[in-house]
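To start, the structure itself, in structure tokens.
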Amino acid sequence: MDLSSFVTVFDSALRLSIPLLAACLAGLWSERSGVVDIGLEGKMLVAAFAAAAAAYAFGSAWIGLVAGIGASVVFGLIHGFASISQRGNQIVSGVAINMLAAGLTAIVGNAWYAQGGRTPPLEGVQRFGDAIFGHSALVYIVLLAVPLTWFVLGRTRFGLRLRAVGENPAAVDTAGISVTGLRYTAVIIGGVLCGIGGTYLSVGQSAGFLPNMTAGKGFIALAALIFAKWRAWPALGACFLFGLLDAIAIRLQGISLPGIGEVPVQAIQALPYLMTVILLAGVIGKAIPPRAAGVPYVKER
Amino acid sequence: MSAPLDLPRWADTVLVPAISVVAAFLVAGLVVLGIGENPLSATRYLLQGSLGTGEGLGFTLFYMTDFIFVGLAVAVAYHAGLFNIGGEGQATLAGLGIALVLNNLTFLPGFLLIPLGILGAAAFGAAWAAVPGYLQAKRGSHIVITTIMFNWLASVLIVYLLVNVLREPQSMNPETRAFPDQSYIPFMHEVFAAFGIEIPASQLNLTLVLALAASYFVWLLIYRSRLGYAIRVVGSNPTAAVYAGISPARIIIVAMIISGALAGGLAVNELMGYQHRLLLEFTSGYGFVGIAVALMGRAHPVGIILASLLFGILYQGGAELAFEQPAITRDMVVVIGGIIILFAGALDGLFRRIVAHLFTRQKLARA
């Protein structure tokens, strides 16, 4: 592989890893506060739809971004209401969020535009065009979210409290800090990040919404989160690695490697899932989630 | 917030689920209103299309067969305290098992080939579920995450196999060649015709009988057998199970194996009963609907049969509705499924508290 094709692969790996990274950081915020979030996929999907619809209607990619974030936060709040206020099962709620998002975007998209669930193609100012080095502003926003997440969670009082809620909510409660408030904040931040990721998919990377366009990215992000052991910088690494695998898979299509023969694209696509399973089995290091993740906090116990 | 949650049994098993279903339909009605359609006429088309004609009823029962299997699969794992959301992957692998058996043993007569195909489905589904079960039991990996990963692994694997290995060389479609004729599970209208009774032709086949038998088997297993008791103990209190001499690890693996085998029933109905070949995405997301079915049916076989009938009506009626009112596509069913999972699963406590509140008020009024 010569230098130019190396740059091309690197470039497309970056593009492919951005939505993963946004969702992964969203999951990181949520799970660090003790709310397990397998609805990342659904939130990205509603965001992608809302962003494309708003960008088309108002002729502005930025209004699209606002709508995408709004839709994703609303879904995050549904999850928050079920799992924080009502102490429901967080995983069941996440599954519901994913199904709701898949169904609603298809129905509403079909009813509004009658193009089999697609939005009309976006062009010009309706999209996030290339800003610097051939990448759109959203790419830099998401990349910036990494040090920001690291700093806020690791170096501020708010971050310390938020992490504490995910490890030992009773202790935080005893100190007179609202567990509910912190968890809702985390869920909203997660909603914002998923919103940016979804908007990137429909208004940045492509020109419009396609039904089911997240295509499992939310779950890969979940895998990356486990891989990164719920930390911001490793999340960047894991997402870039998965993005790179995806880019290589696209590049290897139909190409025969010397000595190995043709590598099936599916084998490379399967790697992130496989690596996560192996990691979770404790074969390559141990992934320890926040201690209170998935456990609703009951005050009177 | 801590209203008393001890409800009469009938309220707990019938009233609360009924309220969450009604609430789900009200929300779905709002969605229909939101896209500018009439929910009442939509409901009429839905019921007319699913129950109003003999043919429609046949299709409704066909879908019901699918949902009984995936609902039972989720329920058995649920009793063991496991949330198996890998029904999609397990059914996909079961489809592979069917194709391998049927297309390699084409010389066998039907009365041998059909049971072998069903066994192949159960074995492959069980194997695909056993791995996450093993990893949860022995290595402490979270079953939900592993089953999600296994769903994706299954879909990647099946694409690879259908495109590169199992596809007929001259065919352009990613699907296997047709299964041998004698392996088709008879359609219900054929069975009835053999007895001289004419019923409308549909996809409905004898797998429905198998689904009902499986429901009975699961009821026996969970509520009337030693193993079922162990499963329920592990599900409600793993520590107590250890003291009672039950090995939670063993029970977890066994429960996942049974769960995966049941999920294989979906493949039996779809592939051996209707499609007669292995093709991509035949599971159509039904594995996830199984979660809604199990939650709504309170993980009890009778509840699951009723919930499956409801979703059968929704799927078949939804197809007719999409034909009559194109703005309302079949994705409406996915929306309703999602809302039911949210209401009957995650927001269960909300409805229970409301009902409990009403009961205490009533008691106070009487006193």
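The values are calculated or read from the model by the stated rules, or taken from the named source; none is laboratory data. Just so it is clear, the model here is predicted, and its values are computed rather than measured. For neighbour counting, all protein chains shown are included, and Cβ atoms are generated from backbone atoms with ideal geometry for every residue, glycine included. Quick note on the areas: whole protein, heavy atoms, side chains included, nothing else; ligands and nucleic acids left out. Shrake-Rupley method; radii C 1.70, N 1.55, O 1.52, S 1.80 Å.
The table for this structure:
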| read-out | value |
| --- | --- |
| The range B:253-367, relative contact order [Cα under 8 Å, separation at least 6], % | 19 percent |
| Shape metrics for the range A:99-155, restricted to C-alpha atoms - Rg then Dmax, Å | 17.3, 49 |
| Phi-based couplings in Hz for the range B:14-27 (Karplus 6.51, -1.76, 1.60; Gly and Pro marked x) | 10, 5, 4, x, 4, 4, 5, 5, 4, 4, 4, 6, 4, 5 |
| Semi-axis lengths (Å, descending) of the ellipsoid that matches the C-alpha gyration tensor of the range A:1-111 | 28, 21, 12 |
| Probe 1.4 Å, protein heavy atoms only - accessible area per residue of chain A in square angstrom | 40 Å² |
| Percent accessible area from carbon and sulfur atoms, the protein assembly as shown, protein chains only, probe 1.4 Å | 66 percent |
| P(r) histogram, all alpha-carbon pairs of chain A included - 10 Å bins from 0, percent | 7, 27, 33, 22, 8, 1, 0 |
| Distance (nanometres) between label positions extended 7 Å along Cα→Cβ at B:ARG139 and A:ILE284 | 1.2 nm |
| Relative contact order (percent, whole number), the range A:213-301, Cα cutoff 8 Å, 6+ residue spacing | 28 percent |
| Loss of accessible area when B meets A, both sides summed, Å² nearest 100, probe 1.4 Å | 3600 Å² |
| Global geometry of the range B:233-317, whether rounded, prolate or oblate, following the gyration tensor of its Cα atoms and the 1.5 cut on a/c | oblate |
| List of the range B:134-154 residues, accessible area with partners at least 40 Å² below that of the chain alone (1.4 Å probe) | B:ARG139, B:ILE145, B:ILE148, B:MET149, B:TRP152, B:LEU153 |
| Cut-off under 5 Å, modelled amide H: who pairs with A:GLN115 long-range | none |
| Over 20 Å [Cα-Cα, the range B:48-157], rounded percent | 52 percent |
| Base-10 log of normalised Debye intensity for the range A:181-220 (one unit scatterer per alpha-carbon) at q = 0.15 Å⁻¹ | -0.43 |
| Packing-based order for A:135-148, B:233-246, B:328-341, using average beta carbon neighbours within 10 Å, highest first | B:328-341, A:135-148, B:233-246 |
| Folded to 0 to 90 degrees: helix A:137-155 orientation relative to chain A principal axis, Cα | 30 degrees |
| Unit charges at the beta carbon, dipole of the range B:152-297: most positive-side option, B:ALA267, B:LEU212, B:MET256 | B:MET256 |
| Spherically averaged projected area of the range A:54-178 from its Cα convex hull (nm²) | 10.5 nm² |
| Spin-label model distance (nm) - A:GLN253 vs B:LEU116, 7 Å beyond Cα toward Cβ | 3.9 nm |
| About the Cα centre, charge dipole magnitude for chain B (Lys/Arg +1, Asp/Glu -1 at Cβ), debye | 1560 debye |
| Centre separation in Å (Cα based) which lies between the range A:20-73 and the range B:337-367 | 32 Å |
| Length-normalised contact order for the range A:63-205 - Cα pairs under 8 Å, 6+ apart - percent | 41 percent |
| Angstrom value of the Kirkwood radius, inverse mean 1/r, which spans all Cα pairs in the range A:191-301 | 16.4 Å |
| Alpha-carbon Rg/Rh ratio, for chain B, with Rh computed the Kirkwood way | 1.00 |
| Backbone N within the range A:113-145 under 16 Å of label point (7 Å from A:PHE10 Cα along the Cβ vector) | A:133-135 |
| Overall Cα dimensions of the range B:214-367, principal axis frame, Å, largest first | 54, 49, 22 |
| Rg/Rg_globular for the range B:206-275, with Rg_globular taken as 2.2 N^0.38 Å and Rg from C-alpha atoms | 1.34 |
| MRE, 222 nm, helices only [DSSP H, n ≥ 4, -39500 (n - 2.57), over chain B, to nearest 500] | -23000 deg cm²/dmol |
| Phi to ³J(HN,Hα) by Karplus 6.51 cos²θ - 1.76 cosθ + 1.60 over the range A:121-130, Hz, x for Gly, Pro | x, 9, 8, x, 5, 6, 10, 7, x, 5 |
| Within chain A, helix-based [θ] at 222 nm, where runs of 4 or more DSSP H residues each add -39,500 (n - 2.57), nearest 500 | -22500 deg cm²/dmol |
| Hydrodynamic radius of the range A:47-116 per Kirkwood, over alpha carbon pairs, in Å | 13.0 Å |
| Along principal axes, Cα extents of the range B:1-81, largest first, whole Å | 43, 31, 22 |
| Distance cut-off 27 Å, percentage of C-alpha pairs in the range A:97-237 lying past it | 37 percent |
| Cα-based equivalent ellipsoid of the range B:127-186: semi-axis lengths in Å, sorted from largest, via gyration tensor | 32, 16, 8 |
| Radius of gyration and maximum dimension Dmax of the range A:28-81, Cα, Å | 12.3, 39 |
| Dimensions (Å) - the protein assembly as shown, Cα atoms, principal axes, largest first | 80, 75, 57 |
| Karplus 3J(HN,Hα) series, Hz, for the range A:80-95 with 6.51 cos²θ - 1.76 cosθ + 1.60 (x for Gly, Pro) | x, 4, 5, 8, 9, 6, 8, 6, x, 6, 5, 6, 4, 4, x, 4 |
| Given charges at beta-carbon only (K, R positive; D, E negative), |dipole| of chain A in Debye | 900 debye |
| At 1.306 mPa s and 10 °C, Stokes diffusion of the range A:151-193 via Kirkwood alpha-carbon radius, µm² per second | 152 µm²/s |
| Per residue solvent-accessible surface (Å²) - chain B, probe of 1.4 Å | 43 Å² |
| Whole-number D in µm² s⁻¹ for the range B:97-166, Kirkwood Cα-pair radius fed into Stokes-Einstein, 20 °C, 1.002 mPa s | 156 µm²/s |
| Spatial extent of the range B:149-250: Rg and Dmax, with the Cα atoms as the point set, Å | 22.0, 61 |
